[in-house]
Amino acid sequence: MGFGTFQALVLAYAGMGQAAEAMEMMLLSFVGPAVQAEWALSSRQESMITSVVFAGMLVGAYTWGIVSDNHGRRKGFLITAICTFSAGFLSALAPNYISLIFLRCLVGVGLGGGPVLSSWFLEFIPAANRGTWMVIFSTFWTLGTVLEASLAWLVMPTLGWRWLPGLSSFPTLFLLIFYKFTPESPRYFCTKGRIDEALSILEKISRLNGAELPSGKLVSDHIYELELDEKNNPSEDTLLLSPTKRNDSPIVSPKNKVSSETQGGLSSLLLLLSPELVRSTLLLWIVFFGNAFSYYGLVLLTSELSIQNSQCDPTSLHSGNSPTTDNNLYIDVLITSFAEFPGLLLAAAIVDRIGRKLSTSTMFFICCIFLLPLMFHQPENITTALLFGARICITGTFTVVYIYAPEIYPTSIRTTGVGVASSVGRIGGIICPMVAYFLLGLLLYSFPLKPRDVN
């Protein structure tokens, strides 16, 4: 049926969820320093505001993957949207540090359902154009980061930090408003043997796109048949419509066949570690960990270095301004956020030409080249330029990995596989703020300001 009006609407809805997640993550760069100044928090307490979000995402990514694989994609992202919006909005009303920590952790649990939306979108996209459209889908994340930086610049200097989490929760509210118009994935229905419901959705899609369904019979695949089929061609979708049932399909003995109805969370996890998938799964976990650690490290590093430069500026020291009223903070974050656009273009240019693996390793290497000079003191403009280049590369790797990850898993455990990998990545997100604040504190302790620097 190709890519038509229906897929464009699905892209808009899933993209709105992607932008909402990006906004909730980016606000940590602004809310943390503001709360630290208002409530006189230590650097360790400030880092916890970020770490608990990733801890929640660690739990949520695995949980919502299991829910969506066993109860449907729609139910999965409905629950996550309710959790994210409620906790995000209430964060603006948090009376103290403990309540803010609790609410941001709940936001993280909701944000852990991000892979559910991306998998749902992926299952409506033709396999031939999947790489290109997943890059386009990723642009919504970048739009969310730019929008959040702009919103913070507009709101925080005059209205304070509480307005930012309140306003940032509204994109998730729009997901709930338009939820009733979203269809379930026909591929999910097929894995559950609900052929009539899957066919009904496919017919609606064809009518909206002004196309006809290909002639043939809609068949339901069992999980091991899916594994064998997609293992041979991991970048292509398993056919849902086939003129006849294949007679050359491998025979799976009843004792080895596991129906999707009896799949639980533990069995899904064990399938990820089965002999056919264990190598890919473990390598994917390492890549997700490195990606999350590097990406969120760059996001937090941008705001921290901007604040430290501001504090080392004699004019800023004498004025006594709060770091959140310094325009340089918002300018630096906004500039580096715009770096994600060329990162997406870079990913789109090379992902189908040189492949997923080579694209990822190349951009990881270039990212390291940009980061190495930051081990030594650099002028502010050079620092911003290096962070800009590193952000380009790490955004590209994130994009390619999120294209590659769903392709290596069969439909029946796709969101579980991506969700668990995302959970492992969140461990990197949990550790990153602690490492960043520890190293920055060590640096400032080792190289204190000299008296002449502030005269």
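What follows is calculated from the coordinates using simple rules that are stated; it is not laboratory data. Because the structure is predicted, anything quoted here is derived from the model rather than measured. All Cβ positions, even for glycine, are placed from backbone atoms using ideal geometry, and neighbour counts span all protein chains on display.
List of remarks:
- GLU197-PHE170 FRET efficiency (beta carbon distance; Förster radius 30 Å; 0.05 resolution): 0.40
- Full-extension gain in nm, ILE335 to LEU372, via 0.36 nm per residue minus C-alpha separation: 11.3 nm
- THR158/ASN96 FRET efficiency (R0 22 Å; Cβ-Cβ; nearest 0.05): 0.40
- Cβ-defined net charge surrounding GLN18, 14 Å radius [Lys, Arg +1; Asp, Glu -1]: -4
- Taking 0.36 nm per residue of sequence separation and removing the Cα-Cα distance, the LEU208/LEU270 pair yields an extension gain of 18.4 nm.
- The stretch between LYS357 and ASN381, if pulled fully straight at 0.36 nm per residue, gains 5.4 nm over its current Cα-Cα span.
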